[in-house]
1. Looking at the range 113-133, can you tell me whether even one residue there is at pLDDT below 50 and among the hydroxyl-bearing types (S, T, Y)?
2. I need a count of the residues in the range 1-44 that are of a type in the set (D, E, K, R), part of a helix (DSSP H, G or I) and closer than 20 Å to L116 by Cα.
3. Determine whether A70 is over 24 Å from G18 (Cα atoms), at pLDDT below 95, surrounded by fewer than 13 Cβ atoms within 10 Å (Cβ to Cβ) and among the aliphatic types (A, V, I, L, M).
4. Could you say which residue among V55, V8 is in contact with a Lys or Arg (Cβ under 8 Å, 6 or more places away or on another chain), surrounded by 15 or more Cβ atoms within 10 Å (Cβ to Cβ) and of a type in the set (A, V, I, L, M, F, W, C)?
5. As an exercise: evaluate Y85 against (1) out of contact with any Asp or Glu (no Cβ under 8 Å at 6 or more places or on another chain); (2) of a type outside the set (K, R); (3) buried (at least 24 other Cβ atoms within 10 Å of the Cβ); (4) not in a helix (DSSP H, G or I) and give the number of the one condition it does not meet.
6. Scan the range 25-47 and report the pairs whose first residue is over 14 Å from D12 (Cβ atoms) and whose second residue is among the polar types (S, T, N, Q) and assigned to a helix (DSSP H, G or I), with Cβ atoms within less than 8 Å and a gap of 6+ or a chain change.
7. On the given criteria, is D38 of a type outside the set (S, T, Y) and over 14 Å from the mean Cα position of the chain (by Cα)?
8. Which of the residues that make up the range 24-47 are within 26 Å of G123 (Cβ to Cβ) and touching a helix residue (DSSP H, G or I) at 6+ places or on another chain (Cβ under 8 Å)?
Amino acid sequence: MSAKRIAVVDDDASVRMGFHRLLKSAGMDADLFASGADFLCALHDPLPDCVVLDVHMRVTSGFEVQECLAEWGIRLPTIMVTGDYREDQRARAIETGADLLLLKPVDGYDLLASILDAIWRHGAGSQKPLPSDSLEPHRANRQNVRAAGAGVEMPRPRADVGHRQPSLERNSQIFSVGLAEVSDS
């Protein structure tokens with residue numbers, strides 16, 4: 001099976017490089033773009049298997065990228081990320097076709113699992129998602145981080161914001177925009 005190709009679109013070089021290293025360590029290929037315009041100009045066949053797209057970028061926002069793709073009739077699995085979450089962003093992410101909106105800083109395991117889930121749900125190509133053992137090093141690292149930070153309260157999603165039902169204890173906030181929502185009550 002060939003490696004999944006993920007487009008990372010973020011105007012922060014350190015975020016791009018961090019995501020690049022994470023994706024490479026999970027056996028995925030990463031194409032990095034410093035702006036939404038760079039990404040749109042570079043689109044070609046084959047399209048990426050998934051896009052990790054920053055909401056707030058100079059010149060072309062993540063929402064504008066999504067709207068442009070929709071105008072062109074291109075629907076890609078998309079994980080949007082933001083460091084400044086507002087409820088209106090969640091609504092707009094839904095409108096523009098994103099699969100998930102993650103709050104920065106993004107937990108590596110959550111990002112990888114979200115990418116694989118989005119690819120699987122879209123049926124990208126005839127290939128199956130990466131085997132779950134490709135996530136094992138990240139799961140193990142997460143346990144080490146959790147042990148080192150024992151007793152530190154991790155942020156939880158607000159009760160009034162829909163979020164994805166966690167299958168594992170989550171360290172980052174995940175806001176569903178394409179899946180059925182569950183309540184905290």
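1. Yes, the range 113-133 contains a residue that is at pLDDT below 50 and among the hydroxyl-bearing types (S, T, Y).
2. 3
3. So A70 does not fit the description; no.
4. V8
5. (3)
6. A26/S134; G27/S134
7. yes
8. Passing the criteria: S25, A26, G27, M28, D29, A30, D31, L32, F33, G36, F39, L40.
The values are calculated or read from the model by the stated rules, or taken from the named source; none is laboratory data. Remember, predicted model here, so these are calculated numbers, not experimental data. Counting neighbours? That spans all protein chains shown, and the Cβs are built from the backbone with ideal geometry, glycine included.
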